[in-house]
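See structure below.
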Amino acid sequence: MVVIRQKLVPEAQAKKVTYGGINKKKKVVVHGTDNYRTGADADAHARLQYNGNSRSASWHWSVDEKEAVQSFLHEWSCWAAGNDKGNLEGIHVETCVNADGNYKKTLENTAALIAKILKDEKLTIDDVVQHNHYSGKNCPREIRSGNVPWSDFLKMIQNAGTTQTPKPNTDNKKCRVLTGTYSTIQAAENVLDVLKYRFSWVAYIEQDGSEWRVKTGTFTGMAAAQAGANKIKTAKLAQVANVVAA
């Protein structure tokens, strides 16, 4: 089972990095992020798109060992395949390869997600292709290297279990994460850079007397904010990370 949630890119931003809602939805295209940095998980890639990707690129799904996050509805033609044909007929799924992730579990989640997409869009296993199919790019790199043979991955899709449908989110409280203090502004700026450029979060530095702390942008729901706080602590960016009302 894979947990699914949406963080859909606002329409004004979506129009800058897609062909619009004209996707023929004939193929499911498997990619690898090639982003091995700590913290470069599905949430980070979804936030990157939501906040305005500086690259001329877009994709429908980001998947890691915890969840699959949808950035675009399948009707949108994303810029991911390397050519117009793939962009105009593909549903693009990025598998995360971050150093602090569990790649085996990520592939299991990706397989479960694709099994659901095939069912929803009335496609077959023969409609699942690699990014390489369209552009010749060595992507998804890990699968193409033989780490997990493509034939094995297709079997994983066919054998995938029932996808877990997320419960409706009834917690709409806006929250932020506030770190403990740092003795120098440079230390705070180092953490800020990770949150902004590695996690793709909105974040700020606040002065607290003679010290500094970092505050994130808003999360919707206490659970999402607490997951953000845990991510900061897991990455060893702060010993203390508190959730506060926005």
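In segment 51-168, the ratio of gyration radius to Kirkwood radius, Rg to Rh, stands at 0.93 when only Cα atoms are counted. Sorted largest first, the spans of the alpha carbon positions of segment 1-89 along the three principal axes are 33, 27, 22 Å. Of the residues Asp120, Asp127, the one with the fewest other Cβ atoms within 10 Å heads the list, and the complete ranking is Asp120, Asp127.
In units of the compact-protein estimate 2.2 N^0.38 Å, the chain shows a Cα radius of gyration of 1.05. Across the alpha-carbon atoms of segment 114-246, the computed radius of gyration and Dmax are 21.1, 62 angstrom. In terms of other Cβ atoms within 10 Å, Glu94, Glu142, Glu11 run from fewest to most in the order Glu11, Glu142, Glu94. Per-residue Karplus couplings for segment 181-187, computed as 6.51 cos²θ - 1.76 cosθ + 1.60 with θ equal to phi - 60°, are listed in order as 8, 10, 6, 10, 5, 4, 4 Hz, Gly and Pro entered as x. Scaled to the globular estimate 2.2 N^0.38 Å, the Cα spread of segment 98-156, given as radius of gyration, is 1.16.
Using the alpha carbons alone, the radius of gyration of segment 174-245 stands to its Kirkwood radius in an Rg to Rh ratio of 0.93.
Only Cα pairs under 8 Å and 6+ residues apart enter the sum, and on that basis the relative contact order of segment 4-158 stands at 30 percent.
Helix content alone sets the calculated 222 nm mean residue ellipticity of the chain: runs of n ≥ 4 DSSP H residues at -39500 (n - 2.57) each, divided across all residues, give -9000 deg cm²/dmol.
Residues with beta-carbon under 13 Å from that of Val29, excluding Val29: net charge, scoring Lys, Arg +1 and Asp, Glu -1? Residues near Val29 contribute +2 overall.
Every read-out reported here was derived from the displayed coordinates using simple, explicitly stated rules and does not represent laboratory data. Since the structure is predicted, the reported quantities are computational estimates derived from the model, not experimental observations. Backbone-built Cβ (ideal geometry, glycine too); neighbour counts: all protein chains shown.
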